[in-house]
Amino acid sequence: MRRIPPLVRLAVLGSAASVLLTGCLGSSDSGSGDQDANRNADATKVELVIGSNAVKGGKNSAGAEFTESVLIPKFVEAQKAKGVDVTVKFQGDGSDDEVYKQKLALGLSNKTGPDLINVDGIWVGEFAQAGYLKPLTDTVGDAAKVDGWDGWKQIPDSVQQLGMFDGKRYGVPGGTDGRVLYFNKKLFAQAGLPADWQPKSWDDITAAGQALKKLPGVTPIQINAGTAMGEATSMQGVLPLLVGTGATINTDGKWLGNTSQIRQVLDFYKSIYGSGLGDPVLQREAKGRDKSFALFAANKIGILLEGDYFWRSVVEPKAGVAKMADRDTAVGYALIPANKAGGGVKGQDFVSMSGGGAVAINPNTKFPQQAWELLQFMNSAEMVKAGLNGAAKITQRTDVNTEVLAGDPMLNFVASKVLPLTQYRPGLAEYPRISAALQQATADVIGGKPTDAAAKGYQTAVEAAAGGKDKVTSN
Amino acid sequence: MATASPPVPGRPARVRRPAQDVAGLGIGRAVGFLAPALLLIGAFLVFPAIWTIYIGITNYRLTGVEAVSPSIVGLANYTRALNDALFHNALWLTLLFVLGSAIIGQNILGFALAWTMRRARPAVRRTVEALVLLAWILPSTVVAYLWIAFFDRDTGTLNSILGTQGTAWLIDYPMVCLVLFNTWRGTAFSMMLYSSALQAVPPSQLESARMVGASGWQTLRDIVFPHIRGHVLTNTLLISLWTANDFSPFLLTKGGPNHESETVPVYIYNVALQGGELGYSSAISFLLLIANLLVALLYLRLLRRRS
């Protein structure tokens, strides 16, 4: 018998398999869209899973606790009254947001995952484009049923955007937030700075930093930078600074490339991390953000740019991940100034960025109708209020906010002073890749690269992410 | 990699030389014995490899439009890899990692341990071997946690020992840390291999060398090494391959800070899942696969020449 050389055998096998495989990738999405939205609508035994990046005793502990011990039992009880035997499970996670997102995307791409999914508002676009999420009206099957929910009237339009893409609703948003400059009043007193500090320009921030620098063992300013922190770098760093230069990351459909505004932001980073005002090593560490929390709580960081999450869940005296028993007296907060008075976006003196998550229904759920019921239930005024459990948070519902925010001066400050001047990230599918490019640019600068070189690298990355030079502004 | 081998008995062909069927199984039963293994290899090795090649010529992404309707981009991913500074960086770091921790670190430390423990009291030898083995068999996550605690900037053990409070070892010297870590982690294999190899050195020759007054180095060079040359080769190639494909650096540094410890496997992971670029990362995976095959081929060739 004539022997076939092994390499030829392999090649034949390979090409045969490739032919078979061609066209398999990604073409399997059609299934879920055609599914009957009323499947199992009358089932008397129902199983639902809620997935969230929250875990008892860890990340967003209070949220996980509430879901498991209040929301789920109440929903089960309510359904029992209707004669439906529901089992709801909570699938908690306590990882970095990027890791949680990977897990979700991998699950959804294989048509699995929890029935109700907590997602960050900025993921909605790319998930929707990938077919991982469908508009609520498609999944539930009845537009009137979805749009007729009375809860929508309580959710402001800007907040509803968090769960929307291309003008369609993909999920119910879970509230919003705002960013401020936190400062340690005890350190400020030692450095001779006022307890009601309110900087009016970036120079005011660095001036306060110079005063704090004289205190031994204290890092004056920490503004998130680098790639290790992921989206935290964009939201608590680059973007609030960028709107302080008068620019937004996407204007009229064009992404902001290597422009004077980007370079100003990178120069500001350089002025902080290149002069000993900030600790660049902390920004490069894998667990840098958690460490910055712990250091602030230990009175070792003077000024920290963070969202209201920091107040509610980090330095919160009872359940925070870096508790500060004297939070209410020791932690001050100020609006983030534009680079100079009137220099911010829309000519504002002060700026901020907001974001938030949404809960969407997995299009592959076995019980779309029941999932929608649970989604409404968890966003009812009663449950949203119960979820706060006496604490305050800017919820999605105006009716709840007016009732609870008065009790917490900080969150009231965010709702009344920050939200009117805040900006949201563009709900475009390319955003996460643009954001990664911003993070890389800051990583380059704090790593010692000159601003110009970092900005050039950023331009290249943005062009690749946006899909062409013509979609990027540069000057 | 398939190499020229005697015809597989299971091949549905006329058996012209019955002498080959030494086990006397006959074709049917031989196929029956081979089928499970071939199926497993096909399902878990051949298919994924081909699938990787296929994805590598598309622009498939984890999310977004390209997740639904990826298109074939031909060799674009490969040409991109050739010009990708980060990929070059990853290759260079992998080379350093292999050279530092496997070829130099594990090899030399493993041999040194095997050589010195040869004459040690059994109790000492067993204790040392157990400790070295422990480093090898502990789960990666546990080990990574211990090493992060060791290198930590604020409360790390190393800083306490050296009195260098505030030195962020994993940030300032990421590659040095990884090389040290992997040397510690993988020495057990080299140690065990060399221990048994050294038993093949005839004691009489060592004795004679001692009689004629050969120094330790001369004994190693002229007596021991010629006997274990083959083992050195096998060991070096195996640990090089393992180290080049090792993913545990991710557990310590995630490739950071700013790509400074991003070896090829970590880079592939970051590109695929952090960046969502499954197509591009598959292309790089395929390049890594080719590199592995080339090394394996070289290894087989050298082995054959020796025998």
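The values are calculated or read from the model by the stated rules, or taken from the named source; none is laboratory data. Quick caveat, the model's predicted, so the values are computed rather than measured. Cβ placement follows ideal geometry from the backbone for every residue including glycine, while neighbour counts extend to all protein chains displayed.
Key figures
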item	result
Given (1) assigned by TED's automatic domain parsing to the domain that holds A:ASN118; (2) farther than 30 Å from A:ILE272 by Cα, index of the condition A:VAL414 fails	(2)
Helices (runs of 4 or more DSSP H) (entirely within region B:131-238) containing at least 2 residues that are under 23 Å from B:GLY100 (Cβ atoms)	B:140-151, B:157-162, B:169-172, B:174-198
Single residue of A:ASP157, A:ASP166 found to be more than 16 Å from A:LEU428 (Cα to Cα) and of a type outside the set (A, V, I, L, M, F, W, C)	A:ASP157
Residue tally, condition touching a residue at least 60 places away in the same chain (Cβ under 8 Å) and either touching a strand residue (DSSP E or B) at 6+ places or on another chain (Cβ under 8 Å) or of a type in the set (A, V, I, L, M, F, W, C) (or both), over region A:55-66	4
Flag for A:ALA436 being touching a Ser or Thr at 6+ places or on another chain (Cβ under 8 Å) and either of a type in the set (Lys, Arg) or closer than 20 Å to B:GLN274 by Cα (or both)	yes
Residue match in region A:443-463 (condition: touching a strand residue (DSSP E or B) at 6+ places or on another chain (Cβ under 9 Å) and not polar (S, T, N, Q))	yes
The listed residue being under 29 Å from A:PRO280 (Cβ atoms), polar (S, T, N, Q) and assigned to a helix (DSSP H, G or I), out of A:THR402, A:THR460	A:THR460
Verdict on A:ALA189 being part of a loop (DSSP other than H, G, I, E, B), more than 23 Å from A:VAL49 (Cα to Cα) and not assigned by TED's automatic domain parsing to the domain that holds A:PHE66	no
Considering residues of region B:168-179 that are surrounded by 18 or more Cβ atoms within 10 Å (Cβ to Cβ) and without any contact (Cβ under 8 Å) to a residue 60 or more places away in the chain only, the residue nearest to the other protein chains (Cβ to nearest Cβ)	B:ALA168
Count - residues of region B:19-40 that are away from chain A (no Cβ under 14 Å), assigned to a helix (DSSP H, G or I) and over 25 Å from A:LEU106 (Cβ atoms)	13
Of the criteria (1) within 23 Å of the chain's Cα centre (by Cα); (2) away from every other protein chain (no Cβ under 14 Å); (3) of a type outside the set (Gly, Ala, Ser); (4) assigned to a loop (DSSP other than H, G, I, E, B), which one A:PRO363 fails	(2)
Matching residues in region A:93-104 - criterion: being part of a helix (DSSP H, G or I) and within 20 Å of A:MET235 (Cβ to Cβ)	A:ASP97, A:GLU98, A:VAL99, A:TYR100, A:LYS101, A:GLN102, A:LEU104
Which listed residue, of A:GLY390, A:GLY467, A:GLY457, is within 14 Å of another protein chain (Cβ to nearest Cβ), on the phi > 0 side of the Ramachandran plot and without any contact (Cβ under 8 Å) to a residue 40 or more places away in the chain	A:GLY467
Evaluation of A:LYS449 against (1) basic (Lys, Arg); (2) within 11 Å of chain B (Cβ to nearest Cβ); (3) in a helix (DSSP H, G or I) (one fails), failing number	(3)
Residue selected from region B:41-83 under the condition more than 11 Å from every other protein chain (Cβ to nearest Cβ) and not in a helix (DSSP H, G or I), by the criterion surrounded by the fewest Cβ atoms within 10 Å (Cβ to Cβ)	B:GLY74
Region A:89-110, residues that are of a type outside the set (A, V, I, L, M, F, W, C) and away from every other protein chain (no Cβ under 13 Å)	A:LYS89, A:GLN91, A:GLY92, A:ASP93, A:GLY94
Considering residues of region A:261-281 that are more than 18 Å from A:ALA441 (Cβ to Cβ), modelled with pLDDT under 95 and of a type outside the set (Gly, Ala, Ser) only, the residue surrounded by the fewest Cβ atoms within 10 Å (Cβ to Cβ)	A:VAL281
Complete set of residues in region B:111-128 that are part of a helix (DSSP H, G or I), surrounded by fewer than 16 Cβ atoms within 10 Å (Cβ to Cβ) and not hydroxyl-bearing (Ser, Thr, Tyr)	B:ALA112, B:PRO122, B:ALA123, B:VAL124, B:ARG126, B:VAL128
Subset tally (residues that are more than 11 Å from chain A (Cβ to nearest Cβ), under 27 Å from B:PHE111 (Cα atoms) and either more than 20 Å from the chain's Cα centre (by Cα) or part of a helix (DSSP H, G or I) (or both)) for region B:239-265	8
Residue match in region B:241-251 (condition: crowded, with 19+ Cβ neighbours inside 10 Å, over 15 Å from B:THR183 (Cα atoms) and not polar (S, T, N, Q))	yes
Selection count where residues are in a helix (DSSP H, G or I), without any contact (Cβ under 8 Å) to a residue 12 or more places away in the chain and not β-branched (Val, Ile, Thr), scope region A:277-334	2
Odd one out for A:ARG284 among (1) surrounded by fewer than 21 Cβ atoms within 10 Å (Cβ to Cβ); (2) within 14 Å of another protein chain (Cβ to nearest Cβ)	(1)
Selection within region A:111-143 - in a helix (DSSP H, G or I), more than 14 Å from chain B (Cβ to nearest Cβ) and within 28 Å of A:THR233 (Cβ to Cβ)	A:GLY121
Positions within region A:337-356 being more than 19 Å from the chain's Cα centre (by Cα) and either in a helix (DSSP H, G or I) or of a type outside the set (D, E, K, R) (or both), in sequence order	A:PRO337, A:ALA338, A:ASN339, A:ALA341, A:GLY342, A:GLY343, A:GLY344, A:VAL345, A:LYS346, A:GLY347, A:GLN348, A:PHE350
Yes/no for A:GLY63 being surrounded by 21 or more Cβ atoms within 10 Å (Cβ to Cβ), in contact with a helix residue (DSSP H, G or I) (Cβ under 8 Å, 6 or more places away or on another chain) and in a loop (DSSP other than H, G, I, E, B)	no
For A:LYS200: the one exception among (1) touching a Leu at 6+ places or on another chain (Cβ under 6 Å); (2) in a loop (DSSP other than H, G, I, E, B)	(1)
Selection count where residues are more than 16 Å from A:LYS213 (Cβ to Cβ), assigned to a helix (DSSP H, G or I) and touching a strand residue (DSSP E or B) at 6+ places or on another chain (Cβ under 7 Å), scope region A:258-276	1
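Quick grid of which residues meet (1) surrounded by fewer than 16 Cβ atoms within 10 Å (Cβ to Cβ); (2) in a loop (DSSP other than H, G, I, E, B); (3) not hydrophobic (A, V, I, L, M, F, W, C):
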site	(1), (2), (3)
B:LEU91	no, no, no
B:SER101	no, no, yes
B:ILE104	yes, no, no
B:LEU109	no, no, no
